[in-house]
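Trainee: Sharing a structure here in structure tokens format.
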Amino acid sequence: MPGSVSVTLVALWGAANVPCTVSADVRVDLWTKLTANSAYNAISALTALRYGALAGNDGVVGVMEHVTDEIAAVAAADGVPVTREGLGEAVRNIARIMPQALSSTAQDLLAGRRTEIDDLNGFVVRRGRALGVPTPVNETLRALVKFVEVEKARGTQG
């Protein structure tokens, strides 16, 4: 029975001091994580700045709010019961919890590795198109990161 398996796994992880909970709706958790990553990763990668610095700039915060608005609209169109407020709070919390973090996308870009941008902002763009929801800010961030990624791979970007 799945319920008892979930409770058993949570207890085992808890005994190992690994935080774990059973999700009421894993889609909400996944879209919330996607939103936080999509709001920060591309901007961190393009600027090579940490989360705390990004969250301290009104212009950047405005861009992250647009990313969040677009994702909330796509998730809603996809039938995922997220709230704009909940997604926004998750985005704000990341900078509070990890102000010194540099996104994995930034780390990949700096190291000349392929990034996960197509699985973050790129996913939002593809899902938005499929559902008829415009995602211009996510599309712009994806395009800019891909441009830098390709140029670095070619060796033409310093």
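The values are calculated or read from the model by the stated rules, or taken from the named source; none is laboratory data. As the structure is a computational prediction, the values presented were derived from the model and not from experiment. Here the Cβ is made from the backbone with ideal geometry for all residues, glycine too, and neighbour counts use every protein chain on show. Note: areas computed on protein heavy atoms with side chains; ligands, DNA, RNA excluded. Shrake-Rupley method; radii C 1.70, N 1.55, O 1.52, S 1.80 Å.
Trainee: Can you confirm whether the range 44-55 contains a residue that is among the hydroxyl-bearing types (Ser, Thr, Tyr), in a helix (DSSP H, G or I) and under 12 Å from the mean Cα position of the chain (by Cα)?
Mentor: Yes: one or more hits.
Trainee: Checking residue 114 against (1) surrounded by 19 or more Cβ atoms within 10 Å (Cβ to Cβ); (2) part of a loop (DSSP other than H, G, I, E, B), only one condition comes out false. Which one?
Mentor: Failed condition: (1).
Trainee: Considering (1) part of a helix (DSSP H, G or I); (2) open to solvent by 70 Å² or more (accessible area, probe 1.4 Å), say which one residue 100 fails and leave the rest.
Mentor: The failed condition is (1).
Trainee: Can you pull out every residue in the range 80-93 that is of a type outside the set (Ser, Thr, Tyr) and open to solvent by 40 Å² or more (accessible area, probe 1.4 Å)?
Mentor: Within the range 80-93, 81, 84, 85, 89, 92, 93 meet the criteria.
Trainee: Test each condition in (1) in contact (Cβ under 8 Å) with a residue 60 or more places away in the chain; (2) within 13 Å of the chain's Cα centre (by Cα) for residue 148 and report the one that comes out false.
Mentor: (2)
Trainee: Which members of the range 14-28 meet the condition of being without any contact (Cβ under 8 Å) to a residue 24 or more places away in the chain, part of a helix (DSSP H, G or I) and either open to solvent by 80 Å² or more (accessible area, probe 1.4 Å) or aliphatic (A, V, I, L, M) (or both)?
Mentor: Within the range 14-28, 15, 26 qualify.
Trainee: Is at least one residue of the range 58-79 open to solvent by 20 Å² or more (accessible area, probe 1.4 Å) and within 30 Å of residue 154 (Cα to Cα)?
Mentor: yes
Trainee: Next up: Being small (Gly, Ala, Ser), assigned to a helix (DSSP H, G or I) and touching a residue at least 24 places away in the same chain (Cβ under 8 Å) is the requirement here; does residue 75 meet it?
Mentor: yes
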